[in-house]
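FYI, it's all coordinate maths here, none of it is from the lab. This structure is a prediction, so every number in the text was calculated from the model and none was measured. Note that we place each Cβ from the backbone using ideal geometry, even for glycine, and neighbour counts take in every protein chain shown.
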Amino acid sequence: MRLSGKTALITGGNSGIGLATARVFLEQGARVAITGRDQATLDQAVSSLGPDAVAFRADLLDPGATEAAIRSAAEGFGHLDIVVANAGIAGSTPVGGTTAEQFERIMTTNVTGVFLTVQAAAPYLRKGASVILIGSVHAVLGAPGYAAYAASKGAIRAMSRVLASELSLAGVRVNVVVPGATRTPIWSRFGRGPDGLAKLEPQMVRAVPTGRISEVEEIANTILFLASDDATNIQGTEIVVDGGLTSSPSGAPIYRD
Ligand code: NDP
């Protein structure tokens, strides 16, 4: 068991990557607190995850609620060893068709919400704790229509380095997992409809050298590595899980076929 005796907080633990990470952490012996906005999926998640999981409802757009949820989770466990600041939203913000509110909602959720999560958890982090932020390949892709989402994930990269240097003093590591396209509900959440991913996937995979998108377990297992004592001297860096999309695009089917 790689997380035996450890305690973990996972924001957005009621869906997608966060839920898969909660499952993997529990399998490895951790106690896990998850947060999210939707009470029904929080309840479903806790009943499927079992007795070592607890859930707290909190909207990242409400700093007071987020702080209270993190305080309750941390005080319930006594301390925190792992924080996965995973909750986030995607969204289309094309030039010429985006309001300030639409842009700011993405930035506030994905950047301010992540900062406030780490800040609220910091007093409870023990020496040796691991904080994992979730970036995105959009930070470097330049995909049209995603200015706010790309900016928010570029900010995660920049902010993680600052947090790593600040929290090093307390013996806390801060790293980023950078997923490429991964099979989660996020694809049906931002106006692409319930089969949004099904329509996009055949086109997207042509640009991926491995020829496929990621499954949630592949991201969760990378988060597990950074959370575990296998990564005790890895600080302030990123692990990209994108099938080579950003590192070796010339190997993609689009160039080979
Ligand atoms: P999902 O949509 O499946 O999950 C998102 C999670 O974030 C949900 O649990 C949701 O809770 C929570 N969340 C969203 N907004 C808020 C908020 N305001 N307050 C509290 N919780 C919130 O998406 P993924 O699992 O795919 O995404 C997880 C992370 O991975 C995100 O940061 C995303 O940007 C990143 N990512 C995902 C990729 C992909 O292709 N799937 C690729 C690259 C990065 P609730 O359901 O209760 O609203």
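Worth pointing out:
- Phi angles of segment 121-127 translate, via the Karplus equation with coefficients 6.51, -1.76, 1.60 and θ = phi - 60°, into HN-Hα couplings of 7, 3, x, 9, 7, 7, 3 Hz per residue; Gly and Pro are given as x.
- Folded to 0 to 90 degrees: helix 16-27 orientation relative to the chain principal axis, Cα: 40
- Per-residue Cβ neighbour counts within 10 Å put 42, 169 in the sequence 169, 42, beginning with the fewest.
- Computed over segment 163-257, Cα set: Rg, Dmax in Å: 16.3, 51
- If you look at the Cα atoms of the chain, you get an Rg and a Dmax of 17.6, 56 Å.
- For segment 32-46, 3J(HN,Hα) per residue [Karplus equation, 6.51 cos²θ - 1.76 cosθ + 1.60, θ = phi - 60°, Hz, x = Gly/Pro]: 10, 10, 10, 10, x, 9, 8, 4, 5, 6, 5, 5, 4, 4, 4
- Radius, Kirkwood style, for segment 1-106 when every pair of distinct Cα atoms is counted (Å): 14.4
- Looking at segment 1-105 alone, DSSP beta bridges between its own residues are antiparallel in about 0 percent of cases.
- Within segment 44-117, chymotrypsin sites (Phe, Trp or Tyr not before Pro) in DSSP loop having at most 12 other beta-carbon neighbours inside 10 Å: none
- Crossing angle, helix 147-168 versus the chain [Cα axis fit, 0-90 degrees, rounded to tens]: 30
- Here the relative contact order of the chain, from alpha carbon pairs under 8 Å that lie six or more residues apart, stands at 19 percent.
- Degrees between helix 63-77 axis and first principal axis of the chain (Cα, 0 to 90, nearest 10): 50
- Per-residue ³J(HN,Hα) for segment 227-234, Karplus 6.51 cos²θ - 1.76 cosθ + 1.60, θ = phi - 60°, Hz, x for Gly and Pro: 6, 8, 6, 6, 10, 5, 10, 9
- Least to most buried among 204, 1 (fewest other Cβ within 10 Å first): 1, 204
- Ranking of 75, 27 by count of other Cβ atoms within 10 Å, fewest first: 75, 27
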